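K.L.:
Supplied in structure tokens, the structure appears directly below.
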Amino acid sequence: MRERHIDTLHLAGVATDICVLHTAISAYNLNYNLVVHRNAVATFNPGGQEWALNHFKNALGATIVA
């Protein structure tokens with residue numbers, strides 16, 4: 001992705017608090033900017049959903065959009 005000058009990743013997927021979280025952390029560790037699409041992620045636990053969205057924003061500096 002770096003060869004194509006991609007510096008921002010838009011994330012969507014299932015298991016916000018597991019799979020999407022691990023993808024976001026890996027991308028963060030590689031210095032990518034993150035955009036998480038709130039309406040395009042889901043999980044099995046409503047509490048886990050809100051926790052993960054807050055973690056993306058507060059710990060990883062992600063932008064959360066609809």
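Here, each number is a calculation from the coordinates, and none is a lab measurement. Quantities reported herein were computed from a predicted structural model and do not represent experimental measurements. Positions of Cβ are generated from backbone atoms using ideal geometry, with glycine treated the same way; all protein chains shown enter the neighbour counts.
K.L.:
Any residue that is exposed (fewer than 14 other Cβ atoms within 10 Å of the Cβ) and either aromatic (Phe, Trp, Tyr) or on the phi > 0 side of the Ramachandran plot (or both) - is there at least one of those in segment 33-52?
P.N.:
yes
K.L.:
Pairs only if they're at least six apart or on different chains, beta carbon under 6 angstrom, first in segment 1-15 and closer than 10 Å to TYR32 by Cβ, second surrounded by 10 or more Cβ atoms within 10 Å (Cβ to Cβ) and among the hydroxyl-bearing types (Ser, Thr, Tyr); list them, first residue then second.
P.N.:
LEU9/TYR32
K.L.:
Which one of LEU53, LEU34 is outside any helix (DSSP H, G or I), touching a strand residue (DSSP E or B) at 6+ places or on another chain (Cβ under 8 Å) and not hydroxyl-bearing (Ser, Thr, Tyr)? Quick ask: steps written out before the conclusion?
P.N.:
Working: LEU53 fails: outside any helix (DSSP H, G or I).
Sole residue among the options that is outside any helix (DSSP H, G or I), touching a strand residue (DSSP E or B) at 6+ places or on another chain (Cβ under 8 Å) and not hydroxyl-bearing (Ser, Thr, Tyr): LEU34.
K.L.:
So is GLY47 small (Gly, Ala, Ser) and outside any helix (DSSP H, G or I) or not? First the steps, then the outcome.
P.N.:
Numbers: small (Gly, Ala, Ser): yes; outside any helix (DSSP H, G or I): no.
So GLY47 fails the test.
K.L.:
Could you tell me whether segment 5-19 includes any residue that is in contact with a helix residue (DSSP H, G or I) (Cβ under 9 Å, 6 or more places away or on another chain), assigned to a helix (DSSP H, G or I) and β-branched (Val, Ile, Thr)? So that I can check it myself, show each step before the final result.
P.N.:
Within segment 5-19, the subset in contact with a helix residue (DSSP H, G or I) (Cβ under 9 Å, 6 or more places away or on another chain) is 9, 11-18.
Those left that are additionally assigned to a helix (DSSP H, G or I): 16-18.
Those left that are additionally β-branched (Val, Ile, Thr): 16, 18.
Scanning segment 5-19 turns up at least one residue that is in contact with a helix residue (DSSP H, G or I) (Cβ under 9 Å, 6 or more places away or on another chain), assigned to a helix (DSSP H, G or I) and β-branched (Val, Ile, Thr).
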